[in-house]
1. Around residue 82, which amide H atoms from residues at least 5 apart in sequence, or from another chain, sit under 5 Å from its own amide H, with H modelled in the peptide plane?
2. Once phi is turned into ³J(HN,Hα) by the Karplus curve 6.51 cos²θ - 1.76 cosθ + 1.60 with θ = phi - 60°, what whole-Hz value does each residue of the stretch 56-72 show in order, with x for glycine and proline?
3. Beta carbons within 10 angstrom, averaged per residue: use that to sort the peptides 220-228, 234-242, highest first.
4. Could you sort the peptides 149-161, 105-117 by per-residue average Cβ neighbour count (10 Å cutoff), highest mean leading?
5. Name the residues whose placed amide hydrogens come within less than 5 Å of the amide hydrogen of residue 77, ignoring near sequence neighbours (fewer than 5 apart) on the same chain.
6. Calculate one ³J(HN,Hα) per residue across the stretch 207-214 by plugging θ = phi - 60° into the Karplus curve 6.51 cos²θ - 1.76 cosθ + 1.60, and present them in order as whole Hz with x for glycine and proline.
7. Taking θ = phi - 60°, what integer Hz values does the Karplus form 6.51 cos²θ - 1.76 cosθ + 1.60 yield along the stretch 233-249, in sequence order, with x for Gly and Pro?
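Bear in mind that the values in this text are calculations on the coordinates, not laboratory data. None of the values given here were measured: they were computed from a predicted structure. Because the Cβ atoms are built from the backbone with ideal geometry, glycine has one as well, and the counts that use them run over all protein chains shown.
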Amino acid sequence: MTPDAPSATRVDARAAARALARLARAAEPPWLHQEAARRMAERLGWIKARPAQVLDWSGAAGASSDLLAAAYPRATQLRVDETPPSGPRGAAVPWWRRWSSAAAAPRRVRPGEVQPASAGLVWSNMRLHFEPDPEPLLRAWRTALAPEGFLMFSTLGPGSLALLREVHEEAGWGPAHAPFVDMHDLGDMLAAHGFAEPVMDQETLNLSYASPDALLGELRALGANLAPKRFAGLRTRRWHDALRARLAERAASDGRLTLQVELVYGHAFRAADAGPRVEPQTTIELSDMKLMLRKEQSRK
């Protein structure tokens with residue numbers, strides 16, 4: 001994502017909604033999402049806070065409920081769903097399994113039902129890169145966090161899918177995917193939207209595939225091309241054959257293809273408000289007022 005690119009046109013919103021709905025219908029989240037959630041959960045050991053309420057804002061990208069329950073067994077877990085539950089993962093749990101704690105599922109809420117300043121942890125796994133404009137979602141996360149609550153999220157970084165980009169560019173096929181936001185830009189956005197001590201880090205996974213079909217099959221499971229300027233029509237069989245042939249040309253001597261994926265992780269706390277602005281009428285959240293009073297008393 002270039003600095004002067006309008007963020008609102010980074011992702012086709014309707015295509016993103018369709019991709020998330022398809023993820024919700026899948027029997028389980030993609031392998032990469034499960035792996036990203038596992039790696040992000042390992043970072044929870046660095047945080048001493050024990051949230052009473054965990055808000056999983058991953059939606060269909062998820063693969064997080066069991067990990068969060070294991071990390072915080074006493075916490076109330078809510079899951080924010082933008083798409084109505086459907087398919088295998090949206091099916092109701094049979095009544096005879098509802099008594100089992102292992103089968104317990106987080107209560108689902110719509111974005112508009114999230115209570116302000118209610119969550120000790122807002123968690124979002126592999127959801128942010130589906131967002132046309134990340135900043136409104138960052139503001140929603142900050143609003144949902146209780147004072148001194150913290151945010152954990154993962155997303156794809158711009159180092160992802162370089163092989164696919166190169167093939168599309170050489171063939172003149174248009175963008176292979178929507179651009180991913182650089183982690184430094186995300187850190188700046190967090191600071192600008194009321195988060196304190198933002199920490200960003202990344203790691204690159206080298207995924208190996210036995211054939212172009214295996215690589216493309218995994219990409220289809222992960223989502224779709226969300227670039228607004230992607231090819232507008234349906235691709236033909238001839239185009240798919242050409243894509244497979246060009247990918248095969250990039251294979252190593254053993255015939256395997258390597259696809260790089262950059263996983264970006266973000267962590268930040270909700271920053272305390274500096275204080276109410278002096279205006280004829282000022283509204284302060286009760287949770288913020290309590291935090292301000294506690295800090296004032298601690299100074300005396």
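1. So residue 82 has HN proximity to 60.
2. Each residue's phi maps through the Karplus curve to give 8, 9, 8, x, 5, 6, x, 6, 10, 4, 5, 5, 5, 5, 5, 6, 10 Hz.
3. By packing density, highest mean first, the sequence is 220-228, 234-242.
4. 149-161, 105-117
5. When sequence neighbours closer than 5 places are left aside, the close amide H contacts are 54, 107.
6. With coefficients 6.51, -1.76 and 1.60, one gets 8, 10, 10, 6, 7, x, 5, 5 Hz.
7. Values, residue by residue: x, 7, 6, 8, 4, 4, 5, 4, 5, 5, 5, 4, 5, 5, 5, 4, 5 Hz.
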